[in-house]
Every structure is written in C-alpha cells, then in structure tokens.
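Please treat every number below as a calculation from the coordinates, not as lab data. These figures come from a predicted structure and were not determined experimentally. Note: ideal-geometry Cβ built from the backbone for every residue, glycine included; neighbour counts use all protein chains shown.
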Amino acid sequence: MNRNLPQSVPFGYEPPAERLKGTMIVYDSFQQLSNGELSFAVETAEKLRFAKLVLYPLHEETIRRMTKETVLPYHKRLDRLHDWKRSVEAEQGDIGGLSIMVEGFEGKRKKYTPIDSALRHLADTYPSPYFLYLTPEMANLFASYSSFEEWIVKLRLVLAQMPSGLHPKLEQYRHRWDVALDS
C-alpha cells in the first residue's frame, strides 16, 4: 500500500490494544535454579502477559564480587540455559506469544559487570515496562546497593518466593514488588 495516500477508517475506530507487553528479566547466576524453577518463571511471565522473558546469567567474576560463592564457568551455565530453552520450545511450541531470550552481555564483557550497567543495557535493548524476577537472596542483595532507589522507580520486582528476612529498603519500597504465586 502506498503510504502517501490517505487512509480512511470508520468513525470511532481505535486500534486494538497490545495483548502482550513488556519484559520480565531473570537476573541470576543460574547455578542453583532448577529446570522446574525456570519453568515457574515462564509460567509467571505468561500469567503476567509479558512479550519477552530474558534470562540474564551472571559472569563468575560478578558472582564472586557479589556473593563470594563459587559457580560453574559462565559458558557451561549458558549452554545449560540454551539447552533448557530448546527443550521448552520443542515441548510447548508457542508459549502464548512469549519469546524467551538468553542474554549474553556478560559473556561478551568477560569481567565483573555492576548491576547498574546490566540494567542499563537491558533497558536499552528490550521493550518496557521492566519486571526483574529475583530470588529472595538476590533481591536483598540488590536492595543493599546504593543504586537500588534509582532503579526501583524504573522497574518492578517479582520475587520467586517470600523472603524470610527483608532488607530495610525492600520493606520501604514494598509497593514496588510482588511475590510470584504458584497457582
């Protein structure tokens, strides 16, 4: 169709609303998350009607600076995520319009990446609104950073389960996070 020609639409026509929108980001080492927990994250993203689910594995240098725990090498965890993604897509086919992405940003950097840089990259790459899916431990860790207050107004948190102990800033911004419910 020629874009220069005027188009006519019936009076009162409104374009259909987008059924899916936004991005849910799973920010984790993916060392402890089982396939069942990853499937639960997919179910949560489907229930909340997201267009994209982004799995963001952390580089071992980032994990070492954040938690001091030892993990498998980055490429092994990344391969596991790609294998899991292929099996889910082969098993379920179209997941309600949800597209699953495995983000390789930290693999390109090959060094420590602050959460600010990671979130900035994700915000530049994927459509908004942004929801960060975190384990309770990672949520408390994120709340302890000085940049937490800057980011909590730009995104919302979805916690995998209710934390046993809350960081004071998480308590302060209770209205900006929810717990993913298994139903």
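Counting only lysines at least 8 places from LYS47 when in the same chain, those with an alpha carbon closer than 24 Å to its own are LYS21, LYS85, LYS154. Put simply, the amide H of GLY22, placed in the peptide plane, has neighbours under 5 Å in ALA51, leaving out anything fewer than 5 places away on its chain. I want the local charge near HIS59. Using Cβ-Cβ distances under 14 Å, sum +1 for each Lys or Arg and -1 for each Asp or Glu among the other residues. Counting the neighbours of HIS59, the net charge comes to +2. The relative contact order of segment 95-183, computed from alpha carbon pairs under 8 Å that lie at least 6 residues apart in sequence, is 25 percent. The aspartates and glutamates within cross-link reach of LYS169, meaning a Cα-to-Cα straight distance under 19 Å and a gap of 8 or more places when in the same chain, are ASP116, GLU137, GLU149, GLU150, ASP178. Restricting the trypsin sites (Lys or Arg not before Pro) of segment 64-138 to loop positions (DSSP other than H, G, I, E, B) with no more than 14 neighbouring Cβ atoms within 10 Å leaves LYS68, LYS110, LYS111. Select one label from (i) 113; (ii) 161; (iii) 181: the one whose number is volume of the Cα convex hull per residue in Å³ as derived from the coordinates shown. Computing volume of the Cα convex hull per residue in Å³ and matching it to (i) 113; (ii) 161; (iii) 181 gives (iii).
Within the same chain, aspartates and glutamates fewer than 8 places from LYS111 are excluded, and of the rest, those with a Cα less than 14 Å from its Cα are GLU60, GLU61.
If only the Cβ of Lys and Arg carry +1 and only the Cβ of Asp and Glu carry -1, the dipole of segment 1-91 around its Cα centre is close to 240 debye.
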